[in-house]
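Student: Please read through the structure below; I'll follow up with questions.
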Amino acid sequence: MVVILHPNIEERSESYQTTLAYLNRLPNVEVKLHTIEGRQDKLTEVYLLGKTRELNMEQIAALPGVERVVRVSQDYRILGKHKDENRVVGFTYNGVAFNQDNLHIFAGLCAVDNPINVEAMMKGVSDLGLQCTRMGAYKPRTNPYAFQGHGAGCLPWVFELAGKYDIKVIAMEVTHERHVDEINEALEKTGQPTGVMLQIGTRNTQNFELLKAVGSQKTHPVLLKRGFGITLSESLNAAEYLASEGNANVIFCLRGMKANFGDPHRNMVDFAHVPVVKRLTRMPVCVDPSHSVGSRERSSDGILDTLHVTAQGVIAGANMILVDFHPKPPEAFVDGPQAMLMNELERFVEDVRITRNAYEKRRALWEN
Ligand code: PEP
Ligand code: MN
């Protein structure tokens, strides 16, 4: 059960104190508090976990601090969409709003290599008026002898360059909870020039201890990749792990499933699930065309498969695109062959704009 308190309720107020005292006295019920900083209001939600079936909804709704009470199903309690509710969807981080209605492009390097390439990437992104990028410092690699990422050492100069080009959010994978501390230290040391969206990679979608650690910090939002060999429901539950630990600022990323049926693509593209995830949950949905397709092959129409697949995600209502670009792909340490070229970025953005426009028209067509 979710008890939604009046917006901007003060913790010191009598109505808050009376309400919490009542809820904390309920037998066999665990009380978990979630606060959400909206653009205008601070919202407080109280999750009642455990034996909630016998609780009297009317009595709880009548408590002085309560706005609404929602009975939620067992699945995806925090992130799911439930009957009779209109809880907030999305969040704002470092001045950038993420929700199920807008769209952000995170074009960037799969892996940080050197300052020249990172700067070229950030300049290219910023010249087009984009505020976000992707930069991998910690790379989970199949081969133990392959480049594992520059790690903490590169963070200060990557963050400083982001600040120089006014990049607000960098998507960056973490594979260990220690990496979150390293990111925080580097941001602190450099004076918080940018923001970081912590990425959980497909190989770690069910690394529950990592999910708990990343979910228990509220500084940064989280981009959770769908596990490439598990069901959608299992991946959505992984997202719920983050929320259950306190961080509901989660974006869910589709990135293709491991299956030979996807050949010759690197993975089987699963972007038909964009509307499904938006229907089942309150998470904004991201698509990663680069790791889905895994190459720079193009069709006889001259359009790269990566772009066709991006369009499939966008026309289905995706809210974020995570895409590999590189100023000099042969110099890339990771995934160079799937990277798009800097001189393709402007057309990429235009292509996305065309498709997004078509999606908005489709939406208007089916309104009411
Ligand atoms: C990545 O985005 O760099 C990455 C490794 O993706 P995935 O976890 O989806 O393989
Ligand atoms: Mn990659």
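Student: Calculate how large, on average over all directions, the projected area of the Cα convex hull of the range 231-368 is; give the answer in nm² to one decimal.
Tutor: 10.2 nm²
Student: Could you calculate the FRET efficiency of residue 188 with residue 166 from 1/(1 + (r/R0)^6), where r is the beta carbon distance between them and R0 is 25 Å, rounded to 0.05?
Tutor: Working: r = 20 Å, r/R0 = 0.79.
Computed FRET efficiency for residue 188 and residue 166 comes out at 0.80.
Student: A follow-up question, please. Go through the range 353-368 residue by residue and turn each phi into a ³J(HN,Hα) via Karplus (6.51, -1.76, 1.60, θ = phi - 60°); whole Hz please, and just put x for glycine and proline.
Tutor: 4, 4, 5, 4, 4, 5, 4, 5, 5, 4, 4, 5, 4, 9, 5, 6
Student: Using Cα centres only, tell me the gap between the range 1-42 and the range 142-217 in whole Å.
Tutor: 32 Å
Student: What is the distance in Å between the Cα centroid of the range 311-355 and that of the range 243-262?
Tutor: With the range 311-355 and the range 243-262 each reduced to a Cα centre, they are spaced 19 Å.
Student: Just the number, please: percent antiparallel of the DSSP beta bridges in the chain, rounded to the nearest 5.
Tutor: Rounded to the nearest five, the antiparallel share is 45 percent.
Student: Heavy atoms only, probe 1.4 angstrom, no DNA, RNA or ligands counted: give me 185, 45, 360 ranked by accessible area, highest first.
Tutor: 185, 360, 45
Student: What Cys residues in the chain are without a partner cysteine, judged by a Cβ distance under 4.7 Å?
Tutor: Lacking a cysteine Cβ partner under 4.7 Å: 110, 132, 154.
Student: In addition: Residue 328: which lysines have alpha carbons under 29 Å from its alpha carbon, excluding same-chain residues fewer than 8 sequence positions away?
Tutor: Straight-distance partners of residue 328: 123, 139, 164, 168, 225, 258.
Student: Normalising by the residue count of the chain, find the relative contact order in percent from Cα pairs under 8 Å and 6+ residues apart.
Tutor: After rounding, I find 14 percent.
Student: Per-residue counts of other Cβ atoms within 10 Å, averaged by peptide: what ranking do you get for 300-309, 103-112, 147-156, highest first?
Tutor: Order by mean packing, descending: 103-112, 147-156, 300-309.
Student: Right, next: So what J values fall out for the range 168-178 if you push phi through Karplus, 6.51 cos²θ - 1.76 cosθ + 1.60 with θ = phi - 60°, rounded to Hz, Gly and Pro as x?
Tutor: 8, 9, 10, 7, 9, 6, 10, 10, 8, 4, 4
Student: Here's something else I'd like to know. Considering the chain as a Gaussian network with a 10 Å cut-off on Cα pairs, which listed residue, 125, 314, 46, attains the greatest mean-square fluctuation?
Tutor: Among 125, 314, 46, the largest mean-square fluctuation in the Gaussian network model of the chain belongs to 46.
Student: Okay, next question. If amide H atoms are built 1.01 Å from N in the plane of the peptide, which residues on other chains or at least 5 residues away come under 5 Å of the amide H of residue 253?
Tutor: The list, which skips near neighbours in sequence, is 224, 225, 226, 286.
Student: Please report, in whole Å³, the volume per residue of the convex hull around the C-alpha atoms of the range 2-71.
Tutor: Details: hull volume 5.3 nm³, N = 70.
Enclosed volume per residue, from the Cα hull, is 76 Å³.
Student: Just tell me which lysines come within less than 21 Å, Cα to Cα, of residue 42; anything on the same chain fewer than 8 places away is out.
Tutor: Of all the lysines, those that pass the test against residue 42 - Cα under 21 Å, at least 8 places apart if same chain - are 32, 81, 218.
Student: Normalised by the empirical 2.2 N^0.38 Å for globular proteins, what value does the Cα Rg of the chain take?
Tutor: On the way: Rg = 21.3 Å, N = 368, 2.2 N^0.38 = 20.8 Å.
That ratio works out to 1.03.
The values are calculated or read from the model by the stated rules, or taken from the named source; none is laboratory data. Predicted, not measured: the structure shown is a model, and the values here were computed from it. FYI the Cβ positions are ideal-geometry reconstructions off the backbone, even for glycines, and counts take in every protein chain you see. Just so you know, the surface numbers come from the protein's heavy atoms only, side chains and all, with ligands and any DNA or RNA stripped out. Shrake-Rupley method; radii C 1.70, N 1.55, O 1.52, S 1.80 Å.
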